[in-house]
Amino acid sequence: MRKAISQVLSGSARAAVAGLVLAAGLAGLQPARASVSQSVMQETMQIGEEPGRISTEEVVIQNGPFARQLVFFRTSEQPGTVVVHTSERFLYLVLGDNRALRYGIGVGREGFTWSGLVKVSRKAEWPDWYPPPEMIERQPYLPRFMAGGPGNPMGSRALYLGSTVYRIHGTNQPETIGHAISSGCFRLANGDAIDLYERVPLGARVVIKHAPDL
Amino acid sequence: MTDRPLPRPGRRRNGALLLGLAGVLAGCGSSPEVLEQSVAASYPPAFPTGDLVGSWGIASYRAEEDRDRTVEMARQQCRLPYVIAQGPTDGVVMHVADDPKTYELKLKGSADGRTYLGFEAPPGHWQDREVLEYSKDLVVMRFVTPEVDTRYGTFVYVRCPE
C-alpha cells in the first residue's frame, strides 16, 4: 500500500515554493521537498478530508505495525526527542537505552513531504480547524471555521511544529494511518495522539526525516 | 460523507394527493395525517425568509463555551463569505448538509413556536435546520438530524458588511 515518495521537484514546483523554501530555511528547516503552493501552505490539509466525521478520543490503532508499541531504536537523539520517519510512516518517541515508543502515522502525500529539525511550539486539545478554500469549493456547505471537537479533522490533540504550518495531530480518519494523504502534517489516531500529547512537553525536539537512515 | 436522497417535495405532494384520493375512494379516514401535515406547515416563521438574503461569515461550534469566540471567528470569515441569494419562489438558495448542490429553502414555523429552514416539508423535517437565534446581523442554526448536528455542530452566521 505504501508508495515511494518522490524527492524530486519539477522545475515549476520549485519555482512555486521558492519563497516557502526560503522561509523554511530561515526557520531552521531543510528546504522542504515539497511542491506546495502558498495557498495550500496556509492550511494543513485539503484532499480526502471528511470534516464532521466522528472519531472519538478512544480510537487507537490496535493491531499491526502501526499500533503503538515499544521497539528497539538505535539513535543518538536524547530521550524525549520525537523522530518522524516519513517514508516509514512511523513516529518514534525516544526513551533511551536504544528503545523508543513507536506510533503509526499518516504523512504528507507525494509532493508534500519535508524534513527538518523543529521544536514543539504549542500544544492544543481538540484544536480548531479552518477548511482550506479548495475544500470549501468542493463542499460549500462547510463552515469556514470549525471549533475543535470530535468531528474536526484536526482530531483530539495537536502539537504545533516550530513556526511552520505543520502539526502532529489526531484525525477523524484513523484508517488513513500508514498512508500518505495529508498536506505535510503527521496524523495519529485520536487515542494515540492523546497518548503522545501527554508524553511530549512544549519545547520538545522534533526531527523529521524523509528517508530512512542507511 | 453520507450520500442521502433529498426529499422531493413535488413527489411527496403527489404522493399525498394519491394517498388522499385513495382514502376518499376507499371511504376510510386515512387522510387526516396528510391534512395535519399541511396545517402544521402553515405556522408563520419568526422572521421573513428574505431576511436571510445576503453575505454571511459562517463558523460552527459544539461546546457552548466556544460560542462567543465562534461568533467572532464567523465575523472574520467574511473574506470567504457564504452568499445566500433570493430564490425564484420567495425562498432562499442555500445548501443542505452533505450536498454541494443548492436548493431553494424556506423558513417554516411550527406549532410549538420554533422556526425551521428547509424544503417544503413539515417543519422539523430531517433535512431542516432549526433556527436557534435570529437578529438582523446574526443567525444561529443547527441541523435537525442529531447525527448531522453532531458532525457539523451549531452554525453561526454573521452578516458581512455591505
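Please treat every number below as a calculation from the coordinates, not as lab data. For clarity, every value in this text was computed on a predicted model and none was experimentally measured. Here Cβ is always computed from backbone atoms with ideal geometry, including for glycine, and neighbour counts include all displayed protein chains.
Neighbours of residue B:158, meaning other residues whose beta-carbon lies under 10 angstrom from its beta-carbon, give a summed charge of 0 when Lys and Arg score +1 and Asp and Glu score -1. The alpha-carbon of residue A:209 sits under 25 angstrom from the alpha-carbons of these lysines, leaving out residues fewer than 8 places away in its chain: A:3, A:119, A:123.
Peptide A:126-135 shows a mean partner chain C-beta count of 2 within 10 Å per residue C-beta. Of the peptides A:122-133, B:56-67, the ranking by mean beta-carbon count within 10 Å, highest at the top, reads B:56-67, A:122-133. Averaged over the residues of peptide B:96-104, the number of Cβ atoms from other protein chains lying within 10 Å of each residue's Cβ is 2. Averaged over the residues of B:77-84, the number of partner chain Cβ atoms lying within 10 Å of the residue Cβ comes to 3.
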